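Accompanying notes for the structure given below.
Taken together, the values in this text are just the output of simple stated rules run on the coordinates, not laboratory data. Everything numeric in this text was worked out from a predicted model, so none of it was measured. Here the Cβ positions follow ideal geometry from the backbone for every residue, glycine too, while neighbour counts run over all protein chains shown.
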Amino acid sequence: MKKRSLAFLVTLAAIACTIMGTTACKKENPSFTIGIFQFTQHESLDAATQGFKDALTDKLGDNVTFDERNANGDRTTCTTVIDEFIYNDVDLILANSTTSLQIATAATSEIPILGTSVTEYRTALQLNDFDGTIGGNISGTSDFVPPAEQAALIQELFPDAKKIGMLCCSSEANSQYQAAALQKELANIGYSCESYLFADSNDLSYAAENAAAECDVIYIPTDNTIASCAGLIANICEAEGLPVITGEESTCRVCGAATLTVDYYDLGYATGEMAARILIDREDISTMPVQYASSFTKKYNAEICKQLGMTIPEDYIPLETE
C-alpha cells in the first residue's frame with residue numbers, strides 16, 4: 001500500500017513539474033499577434049510595414065504572428081479591419097498612415113497602437129497639448145521632414161522660380177499641415193505660394209492642371225491620394241515642362257524631379273523596436289515619445305531631370321527607377 005502511495009505521489013510530482021515547466025516556458029517565450037493596418041498600397045507604406053515586421057521577427061522569431069490588412073483606400077474597409085482586430089484581441093496594432101491612425105485611435109483605447117508614416121501627430125489626432133508624448137495607448141514614429149530644409153532644397157534647385165504650387169488632398173490633415181508649414185518657409189525666402197486642394201482622385205486632375213498652368217514649380221507633400229495617382233500628375237506636368245518636388249521618394253520615382261526623404265524601411269524598423277519594448281519589456285506606451293527620423297536624403301529622378309534640362313548638385317543621389 002505504501003509503495004502504491006509513494007508511486008502515486010511521484011507521479012503527481014512529475015505532472016506538477018511538467019505543468020510548471022510548461023507554464024514557465026510560456027512565460028519565457030510568449031507569443032504575440034500583431035494587427036497591421038495599412039490604408040492603401042503604396043511603396044513607402046509597404047517599406048515601413050516590412051521594416052516593422054523585420055524588427056519584430058528579429059526580436060521574437062517564430063513567436064510573433066502578423067495579421068496584415070490593406071484597406072485599399074476605402075474608409076468603410078478601414079472600420080471593418082479595426083473592428084476585427086478588436087474582436088480578435090490582438091496584442092498591438094500598427095497603424096500605417098495618418099488615416100489608419102485616426103480610425104484605430106477612435107476605435108480603441110485599450111489595445112496599444114503604434115503609428116508610422118504619420119507626419120504630424122498633433123494635427124492628425126487634433127491634440128491641444130502635445131509635448132512629444134501622446135499618452136494613453138498611442139505612440140509611434142513620424143516621417144516629418146523639417147520644412148526649412150525642404151524650402152532650402154527648392155531654393156537650391158530653382159533660385160529663379162517665383163510661384164510654388166502646393167498640391168494636396170483636403171481630406172488628409174497631415175498633407176495640408178505640410179503644405180502650410182512649407183509655404184511659411186518659402187515666403188520667408190521670397191517665393192509666393194498657393195495651395196491647390198482636391199477632395200479625392202476624381203478632381204485631382206483639375207487641381208493639377210490649374211497648378212501646372214499657374215506655377216513655376218509644384219510641391220507634393222506625403223499624400224496617399226496623390227501617391228496613388230502619381231502617373232496622372234506626371235502626364236500633366238510633363239506636358240507643361242513643369243518640375244515637381246515631392247515629400248518622399250516613391251512618388252518622386254513616378255512624377256518628381258527631386259525629393260528630400262526619410263528611409264521608410266528604417267522608420268518601420270524603429271517602430272518595430274518600439275513594439276518589442278512594449279510587448280517584451282512591458283514598457284508603458286503612454287510614456288513613450290513619438291520618434292522622428294534623424295537623417296534625410298536628397299534624391300533625384302535622373303530621367304525627369306534630363307527632360308527638364310536640370311543640373312543636379314553632386315550631393316543628390318539618383319533614384320532607382322524601373
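Numbers at a glance
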{"item": "Amide H contacts under 5 Å for M166, placed H, 5+ residues apart", "result": "E194, S195, Y196, Y219"}
{"item": "Gyration tensor over alpha-carbon atoms, segment 85-147, equivalent ellipsoid semi-axes in Å", "result": "21, 12, 9"}
{"item": "Over segment 165-322: Rg over Rh, Cα atoms, Kirkwood Rh", "result": "1.03"}
{"item": "Protection proxy ranking, peptides 244-252, 153-161, 101-109, average beta carbon neighbours within 10 Å, highest first", "result": "244-252, 101-109, 153-161"}
{"item": "Rel. contact order, % - alpha carbon contacts under 8 angstrom, at least six apart, segment 215-315", "result": "26 percent"}
{"item": "Non-local Lys pairs in the chain, i.e. 8 or more apart or on different chains, that have alpha carbons under 18 Å apart", "result": "5"}
{"item": "Gyration tensor over alpha-carbon atoms, segment 37-114, equivalent ellipsoid semi-axes in Å", "result": "19, 16, 10"}
{"item": "Cα pair distances in the chain, grouped into 20 Å bins until the bin that holds the longest one, percent each", "result": "31, 48, 14, 5, 2, 0"}
{"item": "Amide H within-cut-off set for Q291, under 5 Å, with H built and near neighbours excluded", "result": "G140, T141, S142"}
{"item": "Residues whose placed amide H lies under 5 Å from that of E68, excluding near-sequence neighbours", "result": "I36"}
{"item": "Burial ordering of Y177, Y206, fewest other beta-carbon atoms within 10 Å first", "result": "Y206, Y177"}
{"item": "Taking the C-alpha atoms of segment 233-322, convex hull volume expressed per residue in Å³", "result": "119 Å³"}
{"item": "Segment 221-273 shape via C-alpha gyration tensor axes, a/c threshold 1.5", "result": "prolate"}
{"item": "Expected 222 nm ellipticity per residue - DSSP helices of 4 or more, -39500 (n - 2.57), all of the chain, to 500", "result": "-15000 deg cm²/dmol"}
